[in-house]
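**Q** Quick one: this structure, given as C-alpha cells, is what I'll be asking you about.
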Amino acid sequence: MVAKFDLNDDNVVVVIGTGAGGGVLSNELAQKGVKVVALEAGGRYLPEDYVNDEWESFGQLAWTDPRTTSGDWRVSRDFSGLPAWIVKAVGGATTHWAGASLRIQEHEFKTQTHYGDVEGASLLDWPITLADLEPYYDKAEKKLGVTRTNGIPGLPGNNNFKVFEAGAKKLGYKEVSTGRMAINPVDYDDRLACQQTGFCFQGCKWGAKWSAAYTDIPRGEATGNLEVRENAQVARILHNDEGKVTGVEYFDKDGALQMQKARVVCVAGNSLESPRMLLNSASAMFPDGLANSSGMVGKNYMRHMTGSVYAAFDKPVRMWRGTTMAGIIQDEARHDPSRGFVGGYELETLGLGVPFMAAFLDPGAWGRSFTSAMDSYENMAGMWIVGEDMPQESNRVTLNNEVKDQWGLPVANVHFTDHPNDIAMRNHAYQQGKAVYEAVGATRTFPTPPYPSTHNLGTNRMSAKVQDGVVNKWGQSHDIDNLFISDGSQFTTGAAENPTLTIVSLAIRQADRIASEMSQKNL
Amino acid sequence: MTKETKPTNLTRRALLGRAAAAGSLAVIGGGFIAAPNASWALTVNVISSHQMATIFQMARDIYPHDQIGDEYYVIAVKGYDSDGTKDMIAEGVAALDASAKAAGFADYLSVGWESDRVKLLTAMEDTGFFQTIRGGLVTGLYNQKAVWPIFGYEGESFSKGGYVDRGFNDINWL
Ligand SMILES: Cc1cc2nc3c(=O)[nH]c(=O)nc-3n(C[C@H](O)[C@H](O)[C@H](O)COP(=O)(O)OP(=O)(O)OC[C@H]3O[C@@H](n4cnc5c(N)ncnc54)[C@H](O)[C@@H]3O)c2cc1C
Ligand code: SF4
C-alpha cells in the first residue's frame, strides 16, 4: 500500500529529489520504518516509456528549465543555456546514467594531505575515510548489482570495447577491462540481463541497468512508509525562530503552491538545484541562504575534468551497438605528479548515435573537416575521459536574479573556469587516448571538448570545520541540525571516479544516521 | 500575405531547361524551386525562391555530405519559409549576396566553387543569421531518421531485441 501523508504531518522526513541520493535515501529510510515524503520536480517514467532515440529521450527526461552560464569553459560558449545534462524525472539522473560504478581511492579522500598546496585550488581532506565508507560501498554494490563484485561476472565487451582494449594492450596498459558496471550480465535482483541495445543514456528499456526509478522507489513505496509526489518542485525550505527547518514550499503538478511540514528535510536536487534551493530560501534570520554561515553554499562547483577522444578507422566499428559505456582503462587513475598534474583520470569507452555525435563531436564546427568526420561515423570508436578536477571557490552556482523560471524564481547561474591542473590533465589524456587508437590503426583522431556536465559535485561540501564547508561527515548541515544534504553536492573533492556509487553509499550511510538520531530523539 | 504559386510546366525536361546556371538547383520563380533532376520540389509562400535557394545552398555548404541527397537539406531548411523568420532570412541573404558581389560574383548562388562560398560564409560566421542556420541544421539535418542509414547508423534497436544476438561484438579486423 502506497502511503499518503497529510501536508500538516510534521513527523515526516521530506526528501527533495529522487535521484541517486534522494531516491536511495527515501527507500532506505522507508525500509527502517521512517515516514518519508519525497518531492520530485519531474514526472514518472518507466522502462516501457523510455525511447531509443537520443533527442526524443532528451526531451522526455532531461532538465530543460532555464539555467545560465559564465566563465571560461567552452560549455558556456557552445551550450550557454545548458550547463548540465541531467534529468528531471523520478529516479533523477540514474535514468540517464551509463552505470559505471567505481569506489573512490583511499588517497582521494585526502587530497590536501597528498597533493599539498595547489595554487588556486581549495583542496580539502574529506572528514571521512575510505575505511568509513567501505561497509557502505559493499551495500551499494549489492544494491546496484555491480559487475565484478559479489561474484557477479563482468559484461561481455562490444566492438567499441574491443578496439579500445586492443589499443590499450598495445600501449602496455594493464588495467583494462569491461569494468564495474551497474548493468546485469545475467538476471539479478528481478532485473533482466543486458540485451546490448545501446541506449543506456536514454533509460534502459530492459531494466538491465540499475536506476532508482524502478528499484528503490517502488520498493520504498511498497513498505507503506514512502509517498513520492512527482511533478512537485520545491521552491524554498522554511524554518522557525529557533533556526530549525519546519517544512518546504513546493509547486504541485497544477502549479499550486503547497506547504509540506517536516521533522527533517533532506536536499537531494543535484549539485545545481540543491544550492539554488538553499539560496532561494534566504530569510531575515539567514540572509545569505540556509546553511550558509560559511558562505560556501554554491562554491567549489566541480564537474570532473572531462573530454572525449573519437577515432576513425578504415573499417567499421559500429560503436553504437551494445552498452554505451563498455569498458575502462584505469592505469592513469593514480596520483603521479611526474605527469605534470596532481590526481588522475579514467578512460571509459563511449558510443553516441548520429544525432548526439553531430551535436557534441566539435560543437559549432562546420565545413568539410567536420562533415568528413561524420562521414566516418560507422568506422568510429570513442572514449570519454573522466578525471579529478580541482575545487575552486570561484567556480560556483549563484542565483541569477535577471532570469526567472516558470515559477518566477531566480535560476541557477553556473560559473566555471578550468584550473591549470585540469587543462594539463586533459591534454595528457587526449594524448593517451589518441595513442590508444593509433596503436590499432586509427586514420584520424578527434580530441572532443567536454559535454554539458553530467557529473555535478561539491556545491555543499562536507568539511570537518564549519568554516570550510556546508555539511559535516553525515551530510548534516553545520548550521541547522535537521537539514541534510543527500546528493553529489556533498563531495569535498571530486576524485577521478564516476560519482554515483559514492552518492548511493553516502545515502545508505546517512539513512542509518538519520534513523538512529530520530530514534534517540536527537532529531 | 501568401504568394500565389503557379507551378506550371514542371516536367523533368522543363525543369532542367530552366535550371539556374550555377548552384545545384533550379530556381523557377513563382515561389517554386526544384532539383535539376526533379528529385524534389518545394513551394515557398513567405520568402522568395531566391532566398530559399540561397539558404538551401548555404546548408549544403555548411554541412556538406556528398552522399546525402538534396531532399534532406530541403527538409532541414524549409521551415524558414515562415513569417517569424522572413526578416532574418531577407537580411541574411542580402548580406551574403552583397559580400558575394564585393568578391566579384553576381550573387552567392553564382559562386561556382564550394571553397569560394565557404570563404564568404566564414566571413559572416559570427552573425546571428549564420549561427541560426548552422545551429538549426545540427538537429534539422542529423536528426532525420532517414539520413541515419546513410551514415550506417541503425537507430532504435529495442524492437529487434537489441544487439545481443545481432553483432554487438562482431568486429573481425583487429
Ligand atoms: C548521460 C549521463 C551518464 C552518466 N553516467 C554515469 C556513470 O556511468 N557513472 C556514474 O557514477 N555516474 C554517471 N552519471 C552521473 C549520475 O547520474 C549522477 O552523478 C547522479 O545521478 C547524481 O545524483 P544526485 O542525487 O546528486 O542527483 P540526480 O540523480 O540528478 O537527482 C536529482 C533529482 O532532484 C530533482 N530536483 C531538482 N530540483 C528539485 C526541486 N526544486 N524540487 C524537487 N525535485 C528537484 C531532479 O528532478 C532530479 O530528479 C551520468 C549522468 C548522465 C546525465
Ligand atoms: S545496453 Fe544493456 S544496459 Fe544499456 S540500455 Fe541496452 S540493455 Fe540496458
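**Q** For region A:1-99, which helices (runs of 4 or more DSSP H) that fit wholly inside it have 2 or more residues that are within 15 Å of ligand 1 (Cβ to nearest atom)?
**A** Values: elements: A:20-31, A:54-61, A:74-78.
The helices (runs of 4 or more DSSP H) meeting that bar are A:20-31, A:54-61.
**Q** Restricting the search to region A:161-179, which residues are out of contact with any Gly (no Cβ under 8 Å at 6 or more places or on another chain) and either in a helix (DSSP H, G or I) or under 24 Å from A:TRP210 (Cβ atoms) (or both)?
**A** Step one: list which residues in region A:161-179 are out of contact with any Gly (no Cβ under 8 Å at 6 or more places or on another chain), which gives A:162-163, A:166-175.
Result: A:LYS162, A:VAL163, A:ALA166, A:GLY167, A:ALA168, A:LYS169, A:LYS170, A:GLU175.
**Q** Oh, and also: In the set A:LYS209, A:LYS205, which member is closer than 25 Å to A:ALA268 by Cβ and either crowded, with 24+ Cβ neighbours inside 10 Å or within 10 Å of chain B (Cβ to nearest Cβ) (or both)?
**A** On the way: A:LYS205 fails: closer than 25 Å to A:ALA268 by Cβ.
Result: A:LYS209 is the single residue among A:LYS209, A:LYS205 that is closer than 25 Å to A:ALA268 by Cβ and either crowded, with 24+ Cβ neighbours inside 10 Å or within 10 Å of chain B (Cβ to nearest Cβ) (or both).
**Q** Restricting to region A:476-492, name every residue that is in a loop (DSSP other than H, G, I, E, B), buried (at least 24 other Cβ atoms within 10 Å of the Cβ) and touching a Lys or Arg at 6+ places or on another chain (Cβ under 8 Å). It would help to see each step written out before you state the result.
**A** Here is the first cut: in region A:476-492, the residues in a loop (DSSP other than H, G, I, E, B) are A:478-482, A:486-487, A:491-492.
Of the ones still in play, those that are also buried (at least 24 other Cβ atoms within 10 Å of the Cβ) are A:486-487, A:491-492.
If the condition is that a residue be in a loop (DSSP other than H, G, I, E, B), buried (at least 24 other Cβ atoms within 10 Å of the Cβ) and touching a Lys or Arg at 6+ places or on another chain (Cβ under 8 Å), then A:PHE491, A:THR492 are the ones that fit.
**Q** Which pairs turn up if I take residues in region A:198-224 that are among the β-branched types (Val, Ile, Thr) and look for partners that are away from ligand 1 (no atom under 16 Å from the Cβ) with beta carbon separation below 7 Å, at least 6 apart in sequence or on another chain?
**A** Within 7 Å, the pairs are A:THR223/A:ALA30; A:THR223/A:GLN31.
**Q** Here is a further query. Within region A:168-192, track down each residue that is near ligand 2 (Cβ under 8 Å from one of its atoms) and within 11 Å of chain B (Cβ to nearest Cβ).
**A** A:LEU192 - this is the single residue of region A:168-192 that is near ligand 2 (Cβ under 8 Å from one of its atoms) and within 11 Å of chain B (Cβ to nearest Cβ).
**Q** Let me ask another. Mind listing whichever residues of region B:110-153 are touching a helix residue (DSSP H, G or I) at 6+ places or on another chain (Cβ under 7 Å) and aliphatic (A, V, I, L, M)?
**A** The answer is B:VAL111, B:VAL118, B:LEU120, B:LEU121, B:ALA123, B:MET124, B:ILE133, B:LEU137, B:VAL138, B:LEU141, B:ALA146, B:VAL147.
**Q** Identify all residues within region A:324-354 that are closer than 12 Å to A:VAL386 by Cα, part of a loop (DSSP other than H, G, I, E, B) and of a type in the set (A, V, I, L, M); write none if there are none. If you could, list the steps in order and put the result at the bottom.
**A** Filtering region A:324-354 for residues closer than 12 Å to A:VAL386 by Cα gives A:328-330, A:332-333, A:343-350.
Those left that are additionally part of a loop (DSSP other than H, G, I, E, B): A:330, A:343-344, A:350.
A:LEU350 - this is the single residue of region A:324-354 that is closer than 12 Å to A:VAL386 by Cα, part of a loop (DSSP other than H, G, I, E, B) and of a type in the set (A, V, I, L, M).
**Q** Oh, and also: Which of the helices (runs of 4 or more DSSP H) found entirely inside region B:55-174 contain at least 3 residues meeting this: under 30 Å from A:LYS162 (Cβ atoms)?
**A** Details: elements: B:70-77, B:86-102, B:114-123, B:128-140, B:148-151.
Those helices (runs of 4 or more DSSP H) span B:148-151.
**Q** Taking the options A:ARG444, A:ARG461, name whichever one is surrounded by fewer than 24 Cβ atoms within 10 Å (Cβ to Cβ) and in contact with a helix residue (DSSP H, G or I) (Cβ under 9 Å, 6 or more places away or on another chain). Show your work before the answer.
**A** Working: A:ARG461 fails: surrounded by fewer than 24 Cβ atoms within 10 Å (Cβ to Cβ).
Going through A:ARG444, A:ARG461 in turn, just one is surrounded by fewer than 24 Cβ atoms within 10 Å (Cβ to Cβ) and in contact with a helix residue (DSSP H, G or I) (Cβ under 9 Å, 6 or more places away or on another chain): A:ARG444.
**Q** Going through region A:253-288 one residue at a time, which ones are surrounded by fewer than 23 Cβ atoms within 10 Å (Cβ to Cβ), part of a loop (DSSP other than H, G, I, E, B) and either among the hydrophobic types (A, V, I, L, M, F, W, C) or within 25 Å of the chain's Cα centre (by Cα) (or both)?
**A** A:ALA256, A:ALA282, A:ALA284, A:MET285, A:PHE286
Residue by residue, here is whether (1) surrounded by fewer than 21 Cβ atoms within 10 Å (Cβ to Cβ); (2) more than 23 Å from A:MET374 (Cα to Cα) holds:
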site	(1), (2)
B:MET52	no, yes
B:ILE62	no, no
B:LYS101	yes, yes
B:GLY104	yes, yes
B:ASP107	yes, yes
B:SER110	yes, yes
B:TRP113	yes, no
B:THR122	yes, no
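**Q** Follow-up. I'd like the full set of residues that are over 22 Å from A:LEU144 (Cα atoms) and either under 19 Å from the mean Cα position of the chain (by Cα) or among the β-branched types (Val, Ile, Thr) (or both), limited to region A:1-33.
**A** Within region A:1-33, A:VAL2, A:VAL12, A:VAL13, A:VAL14 qualify.
**Q** Among residues belonging to region A:355-377 that are assigned to a helix (DSSP H, G or I) and at the interface with chain B (Cβ under 7 Å from one of its Cβ atoms), point out the one that is farthest from B:MET58 (Cα to Cα). First the steps, then the outcome.
**A** As a first pass, look at region A:355-377 and keep what is assigned to a helix (DSSP H, G or I): A:355-360, A:368-375, A:377.
Subset that is at the interface with chain B (Cβ under 7 Å from one of its Cβ atoms): A:355, A:358-359, A:368, A:371, A:374-375, A:377.
On the way: A:PRO355: 20, A:ALA358: 18, A:ALA359: 19, A:ARG368: 13, A:THR371: 14, A:MET374: 18, A:ASP375: 19, A:TYR377: 23 Å.
Here the answer is A:TYR377.
**Q** Mind counting the residues in region B:139-174 that are surrounded by fewer than 20 Cβ atoms within 10 Å (Cβ to Cβ), within 7 Å of chain A (Cβ to nearest Cβ) and either within 16 Å of ligand 1 (Cβ to nearest atom) or within 14 Å of the chain's Cα centre (by Cα) (or both)?
**A** The qualifying residues number 1.
**Q** Can you confirm whether A:VAL2 is aliphatic (A, V, I, L, M), surrounded by 23 or more Cβ atoms within 10 Å (Cβ to Cβ) and touching a residue at least 12 places away in the same chain (Cβ under 8 Å)? Quick ask: steps written out before the conclusion?
**A** Values: aliphatic (A, V, I, L, M): yes; surrounded by 23 or more Cβ atoms within 10 Å (Cβ to Cβ): no; touching a residue at least 12 places away in the same chain (Cβ under 8 Å): yes.
Taking the combined requirement at face value, the residue does not satisfy it.
**Q** Still on this model: Scan (1) surrounded by 24 or more Cβ atoms within 10 Å (Cβ to Cβ); (2) of a type outside the set (Ser, Thr, Tyr); (3) more than 22 Å from A:GLY269 (Cβ to Cβ) for the single condition A:TRP97 breaks and write down its number.
**A** Single failed check for A:TRP97: (3).
The numbers here are math on the coordinates, done by the rules we state, and not lab data. The structure presented is a predicted model; accordingly, all values stated were derived computationally and were not measured. Because the Cβ atoms are built from the backbone with ideal geometry, glycine has one as well, and the counts that use them run over all protein chains shown.
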